[in-house]
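The values are calculated or read from the model by the stated rules, or taken from the named source; none is laboratory data. This one's a predicted model, so the numbers in the text were calculated from it and none came from an experiment. Cβ sites come from the backbone with ideal geometry, for glycine too, and all protein chains shown count toward neighbours. SASA here: full protein model, heavy atoms, side chains in, ligands and nucleic acids out. Shrake-Rupley method; radii C 1.70, N 1.55, O 1.52, S 1.80 Å.
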Amino acid sequence: AGRVLAIFGGPLANYVTAMILAVGVFTFAGVPDSVSIDSFALTSKADDACLKVGDVLVSIAGESVQGPGPIGKVVAAGSAHPGEDVEVVVLRDGVEVKKTVPVSDEGRLGIGLAEVLEPTDAGSAIPRGLAYPFVTTAQQLAALSQVITRKSKQRMGGPVEIARVMKKRGEGGFAQFMLVCALISTALGMFNLLPLPALDGGRLMFLGYEAITGKRPNPEVEGWTHFIGMIALLGLI
């Protein structure tokens with residue numbers, strides 16, 4: 001039990017950090033129940049479809065992208081319609097506007113997103129902040145599953161992409177920067193718990209084997225498994 005708690009301590013710290021950051025942002029700046037367009041990719045056709053920076057996304061292909069985890073909903077909506085033309089409803093100057101936007105073969109709309117923080121009371125903000133890492137984890141696992149099963153052609157980002165996103169969010173203000181820090185902390189905690197060699201999840205698998213069989217795994221086999229896993233992870237990064 002002591003070894004399990006020691007291994008689980010790292011991911012737990014990531015989740016607690018994300019909770020603290022999310023509660024702080026949601027309480028003092030507002031909750032992110034929608035997203036607006038803040039940029040267009042160079043290859044994006046969304047700009048040609050007359051979407052504009054500042055438009056708040058309402059729905060994509062008939063599916064609402066508002067509510068908890070709006071960025072994840074936008075990504076999921078794009079991934080579900082690769083290579084198709086979809087109806088996008090946006091809120092512009094208080095008026096709903098409908099546009100037909102082509103989705104890339106990779107399932108991307110080619111737009112940069114900024115979360116719109118709406119003020120709310122502490123009674124709503126605190127529970128939302130505490131639930132934030134778990135809601136985010138569910139969305140990340142769903143997206144990862146689609147990538148692994150090739151239902152989505154979205155690509156994963158490495159350290160360079162993380163730095164780019166943090167810089168971009170930092171330009172949007174302190175609250176936006178803290179929120180992306182909460183997102184990254186959640187992602188680190190989730191990633192570490194995946195049942196892969198060299199990660200905390202992989203070590204927990206060996207402890208699970210020991211608990212079930214009553215026998216400790218061969219230390220040399222366990223060591224080589226984690227070593228090979230670490231090399232593979234470094235290659236992926």
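Quick check: is even one residue across the range 38-59 acidic (Asp, Glu), closer than 25 Å to Gly173 by Cβ, at pLDDT below 90 and part of a strand (DSSP E or B)? I'd like the intermediate steps shown before the answer.
Of the range 38-59, the ones acidic (Asp, Glu) are 38, 47-48, 55.
Among the residues that remain, those that are also closer than 25 Å to Gly173 by Cβ are: 38, 47, 55.
With the extra rule that they be at pLDDT below 90, the set shrinks to 38, 47.
With part of a strand (DSSP E or B) added as a condition, the list becomes 38.
Yes, some residue in the range 38-59 is acidic (Asp, Glu), closer than 25 Å to Gly173 by Cβ, at pLDDT below 90 and part of a strand (DSSP E or B).
Quickly run through the range 101-119 and pick out the residues that are in contact (Cβ under 8 Å) with a residue 60 or more places away in the chain and either exposed (fewer than 15 other Cβ atoms within 10 Å of the Cβ) or in a helix (DSSP H, G or I) (or both).
Filtering the range 101-119 for residues in contact (Cβ under 8 Å) with a residue 60 or more places away in the chain gives 104, 108-119.
Residues satisfying the conditions are Glu118, Pro119.
Suppose we filter the range 5-34 for residues that are at pLDDT below 90, crowded, with 20+ Cβ neighbours inside 10 Å and out of contact with any Phe, Trp or Tyr (no Cβ under 9 Å at 6 or more places or on another chain); how many remain?
Here the count works out to 1.
Glu84: surrounded by fewer than 21 Cβ atoms within 10 Å (Cβ to Cβ) and in contact with a helix residue (DSSP H, G or I) (Cβ under 7 Å, 6 or more places away or on another chain), yes or no? Step through it out loud before you land on a result.
On the way: surrounded by fewer than 21 Cβ atoms within 10 Å (Cβ to Cβ): yes; in contact with a helix residue (DSSP H, G or I) (Cβ under 7 Å, 6 or more places away or on another chain): no.
Answer is no for this residue.
Checking the structure you have, find out if any residue of the range 60-76 is open to solvent by less than 10 Å² (accessible area, probe 1.4 Å), more than 27 Å from Leu130 (Cβ to Cβ) and either among the charged types (D, E, K, R) or assigned to a loop (DSSP other than H, G, I, E, B) (or both).
No, there is no match, as no residue in the range 60-76 is open to solvent by less than 10 Å² (accessible area, probe 1.4 Å), more than 27 Å from Leu130 (Cβ to Cβ) and either among the charged types (D, E, K, R) or assigned to a loop (DSSP other than H, G, I, E, B) (or both).
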